[in-house]
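Q: Quick one: this structure, given as structure tokens, is what I'll be asking you about.
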Amino acid sequence: MDAQSWMRRYDAFQQEETQFGWSVEHDGDSGYVVFCFTTYQDSVLYGPVVGAAHLNGDGLVSAEHVSWVTGKYCYPGWSNTSDRTMDGGFVVGGSSDEGGDTIRVCVYRFAAGGQPAGIHELNLPGVAWIGRQAKQTLDGGFLICGETSATGTLDAFLVKTDSLFQVQWVQTYGSPNRRDLALAVALAPNGGYYLGGKKEITFNNFDQWVLRLDENGNQIWQATYGVAGNNDVPNAHLEALADGNCVFASAWNLTGNGEHTLCLVKIDTAGGVLWSHTYGGWCGGCSLFAVKEITPGGDLISCGQAWSIADDGEQGVLLRTTAQGDSVWQRNFFYADSLMSDGQGTLRDVLPTTDGGFIAVGMVYSSASGNNPPGYGQDLWVVKVDSMGCLEPGCHLITGLTSQVTNLRGALRVWPNPVQVQGQVQVTWDLPEAVTGSAQLTLVSAAGHVMGNWPVALAERGQSLDLGGYAAGLYHVHLVVEGRWVSGARVVVQ
């Protein structure tokens, strides 16, 4: 059975307010909870809050919730900021800001459906403690990582609390007069933790940074990774693996001129590199921001952003690799609808789903060409794909496919459907005027075979396909324009 796929832009919580999806979790049933930053206004507040949107299995919003500390700005941390807790709820690592330098680590708790279940500000010494990610520990307590200026410079930190969010210890890490950050923490095998971020080697020259810590946060080892002498700006967004090692997602500055390349690196329990791979060509402002193990010892799924090959803005990226880091597929996504044809976006967290597909969350923002429709702002963006990264099954079989457009899937119609064997179907489309160029229809069988390709003229808005000689069964129709998947539909031959 094919994984259910959909893609949506959500102007959730309040219309035209800024939103940014940072993390996604399974709700324990058939839906998902997405955690995001959003601006929000009511009688006592206008400012950033932490939002939780509950999505059902079809991607429809069934509930929206916001959580904040009265009189303060509240933030949900960074990519992959949340964790599922033992009681079936969720915890989000972030911060609260009351103005000036008074920024505190703040842990937001949510119930299984995304309802707020408590807020815990940690009263750590000094000022400016910014929480980035939270994880629950095996003893029922919690870890929160981030960065702080309380040490007199900018240092990474890790704080451990008990199950009631009482601080048990806090440790800082870094070099004098250098900026060091930690944005990801993971439980290591046999106790202790991995901490990932970036370290300033020389002024404005950063490398990916991973630390191995004992159960009290004491450093066992630290190591930096990247291209010697080059500024590798993105962080080491790490995840512990079932074999006890860890992998981090990032990007490397291979050329030294700021042109980065997406990368994954697997390291062993002593910090040694087991393998490292880069993916695709150079891209400006690109990185992978999260990586997950699909099954224990199996493939990896990662997400991030990259500048498109056509130089028309930032696109969301999904990358699937083998357990050895070899690429299985890479898919780029950008946003389009009836009003905007070239929306830019980024994906900041991804999860394998129970149907064998993947769900990724991030945000979509301005048009790459600057032609922003009135009322369009920065919105929550969720993409749900099948096991091959397709919005319609079979996209991976189409030669020359470079990216996929989201939110135009309904533009394609196939009728009659079902159709009798030896019959003909009409495929029609209703696309925005800005979608132009060389186009084709591709028909793929459910068994994964390309049955035919037909060049089409978009201006004609339709094409008749003769299915004579095709066996009864399920087929997938794809509309591709200038190497981009634009829309698709299913047709049943009976």
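The values are calculated or read from the model by the stated rules, or taken from the named source; none is laboratory data. Model, not experiment: these values are computed from the prediction. So basically every Cβ, Gly included, is an ideal-geometry build from the backbone, and we count neighbours across all protein chains shown. All accessible areas refer to the heavy atoms of the entire protein, side chains included, with ligands and DNA or RNA removed. Shrake-Rupley method; radii C 1.70, N 1.55, O 1.52, S 1.80 Å.
Q: Quick one: Kirkwood hydrodynamic radius for the stretch 189-230, alpha-carbon pairs, angstrom, one decimal?
A: Working: mean 1/r = 0.0900 Å⁻¹.
Averaging 1/r across every pair of different Cα atoms and inverting gives 11.1 Å.
Q: Would you kindly state how much longer the chain becomes between Gln168 and Leu274 on full extension, computed as 0.36 nm times their sequence separation minus their alpha carbon distance, in nm to one decimal?
A: Values: separation 106, 0.36 × 106 = 38.16 nm, distance 3.41 nm.
So the chain would gain 34.8 nm between Gln168 and Leu274.
Q: Related question: How large is log10 of I(q)/I(0) for the stretch 93-149 at q = 0.18 Å⁻¹ when the intensity is taken from the Debye formula with one equal scatterer per alpha-carbon?
A: The computed values of log10 I(q)/I(0) come out as -0.62.
Q: Over the stretch 133-175, what number does the Rg to Rh ratio reach, with both radii from the alpha-carbon atoms and Rh per Kirkwood?
A: Details: Rg = 11.1 Å, Rh = 10.8 Å.
In the stretch 133-175, Rg relative to Rh is 1.03.
Q: Can you tell me the Rg and the Dmax, both Å, for the Cα atoms in the stretch 281-434?
A: Gyration radius and largest Cα-Cα distance of the stretch 281-434: 16.9, 51 Å.
Q: So if each residue of separation counts as 0.36 nm, and I subtract the Cα-Cα distance between Gln426 and Ser338, what length gain in nm does that give? Intermediate values should be presented prior to the final figure.
A: Working: separation 88, 0.36 × 88 = 31.68 nm, distance 2.21 nm.
Result for the pair: 29.5 nm of gain on full extension.
Q: Within 10 Å, at most 16 other Cβ atoms, and a DSSP state outside H, G, I, E, B define an exposed site. Report the longest part of the chain free of exposed trypsin sites (Lys or Arg not before Pro). Don't skip to the end; give the middle numbers.
A: Numbers: sites that count: Arg178, Arg461.
With a cap of 16 other Cβ atoms within 10 Å, the longest stretch comes to 179-460.
Q: Here is a further query. Express in nm, to one decimal, how much length is gained between Asn123 and Leu254 on full extension, taking 0.36 nm for each residue of separation and deducting their alpha carbon distance. Please report the intermediate quantities before stating the final value.
A: On the way: separation 131, 0.36 × 131 = 47.16 nm, distance 4.15 nm.
Here the answer is 43.0 nm.
Q: Heavy atoms only, probe 1.4 Å: what % of the accessible area of the stretch 1-155 goes to carbon and sulfur, would you let me know? Write down the numbers at each step before the final one.
A: Working: 2840 of 5920 Å².
Carbon plus sulfur share of accessible area: 48 percent.
Q: Please work out the C-alpha center-to-center distance from the stretch 171-217 to the stretch 410-437 and express it in whole Å.
A: That distance is 53 Å.
Q: Taking only the alpha-carbon atoms of the chain, what semi-axes of the equivalent ellipsoid follow from 5 times the gyration tensor eigenvalues under a square root, in whole Å, largest first?
A: Numbers: eigenvalues 336, 118, 89 Å².
Semi-axes (√(5λ), whole Å): 41, 24, 21.
Q: Choose one of Ala188, His65, Thr161: the residue whose Cα lies farthest towards the positive end of the charge dipole of the chain (beta-carbon charges +1 Lys, Arg; -1 Asp, Glu; about the Cα centre).
A: Among Ala188, His65, Thr161, the one farthest towards the positive end of the dipole of the chain is Ala188.
Q: Follow-up. By DSSP, what percent of the beta bridges with both residues in the chain are antiparallel, rounded to the nearest 5? Walk me through the numbers on the way to the answer.
A: Numbers: 176 of 183 bridges.
If we restrict to bridges inside the chain, about 95 percent are antiparallel.
Q: Determine Rg/Rh for the stretch 155-259; Rg is computed over alpha-carbon atoms and Rh is the Kirkwood hydrodynamic estimate from the same atoms.
A: Working: Rg = 14.4 Å, Rh = 14.3 Å.
Rounded to two decimals, Rg/Rh equals 1.01.
Q: What Kirkwood hydrodynamic radius, in Å, does the stretch 1-126 give when the mean of 1/r is taken over all pairs of distinct Cα atoms and then inverted? Intermediate results must be reported in sequence, preceding the final value.
A: Values: mean 1/r = 0.0666 Å⁻¹.
Across the stretch 1-126, the inverse of the average 1/r is 15.0 Å.
Q: Cα convex hull of the stretch 343-417: mean projected area in nm², to one decimal?
A: One quarter of the hull surface, i.e. the mean projection, equals 7.2 nm².
Q: Got the relative contact order for the stretch 63-119 handy, in percent, Cα pairs under 8 Å and 6 or more residues apart?
A: Values: 103 pairs, mean separation 18.7, N = 57.
Value for the stretch 63-119: 33 percent.
Q: Report, to the nearest whole %, how much of the accessible area of the stretch 246-366 belongs to carbon and sulfur atoms, 1.4 Å probe, protein only.
A: Numbers: 1990 of 3800 Å².
C and S fraction of accessible area: 52 percent.
Q: Report the residues of the stretch 122-163 in range of a label on Glu215: point 7 Å along Cα→C-beta, backbone N strictly under 14 Å from it.
A: Under cut-off, by backbone N: 137-141.
Q: Give me D for the stretch 257-304 in µm² s⁻¹, whole number, from Stokes-Einstein with Rh from the Kirkwood sum over alpha-carbon pairs, 10 °C and 1.306 mPa s. Present the calculation step by step, with values, prior to reporting the outcome.
A: Working: Rh = 12.2 Å.
Answer, rounded: 130 µm²/s.
Q: While we're here: Between Leu138 and Thr402, what is the FRET efficiency for a Förster distance of 56 Å, r being their Cβ-Cβ separation, to the nearest 0.05?
A: Values: r = 44 Å, r/R0 = 0.79.
That gives a FRET efficiency of 0.80.
Q: Between Asp243 and Ser30, how high is the FRET efficiency from 1/(1 + (r/R0)^6) when r is the Cβ-Cβ distance and R₀ = 45 Å? Nearest 0.05. Before the final figure, lay out the partial values.
A: Numbers: r = 30 Å, r/R0 = 0.67.
Efficiency computed from Cβ-Cβ geometry: 0.90.
Q: Calculate how large, on average over all directions, the projected area of the Cα convex hull of the stretch 68-165 is; give the answer in nm² to one decimal.
A: 6.1
Q: I would also like to ask the following. So which lysines pass the test for Lys266, namely a Cα distance under 30 Å, with those fewer than 8 places away in the same chain ruled out?
A: Lys135, Lys160, Lys198, Lys199, Lys292, Lys384
Q: Now, a different point. Considering Cα pairs under 8 angstrom that are at least six residues apart, work out the relative contact order of the stretch 225-311 and quote it in whole percent.
A: With pairs under 8 Å counted, the relative contact order is 24 percent.
Q: Per residue, how many Å² of accessible area does the stretch 215-363 show with a 1.4 Å probe?
A: Details: 5110 Å² over 149 residues.
Per residue, the stretch 215-363 has an accessible area of 34 Å².
Q: Plugging the Kirkwood radius over Cα pairs into Stokes-Einstein for the stretch 294-363, at a temperature of 37 °C and a viscosity of 0.692 mPa s, what D comes out in µm²/s?
A: On the way: Rh = 13.0 Å.
Translational D for this selection: 253 µm²/s.
Q: Provide the FRET efficiency to the nearest 0.05 for the Glu460-Val61 pair, computing r from the beta carbons and using R0 = 45 Å.
A: So the FRET efficiency works out to roughly 0.80.
Q: Right, next: Largest first and in whole Å, what are the equivalent-ellipsoid semi-axes of the stretch 220-284 based on the Cα gyration tensor, each being the root of 5 times an eigenvalue?
A: Details: eigenvalues 100, 32, 15 Å².
Those come to 22, 13, 9 Å.
Q: Continuing with the same structure: Rounded, prolate or oblate: which fits the stretch 231-356, taking a ≥ b ≥ c as square roots of the Cα gyration tensor eigenvalues, rounded meaning a/c under 1.5, else prolate when a/b beats b/c?
A: oblate
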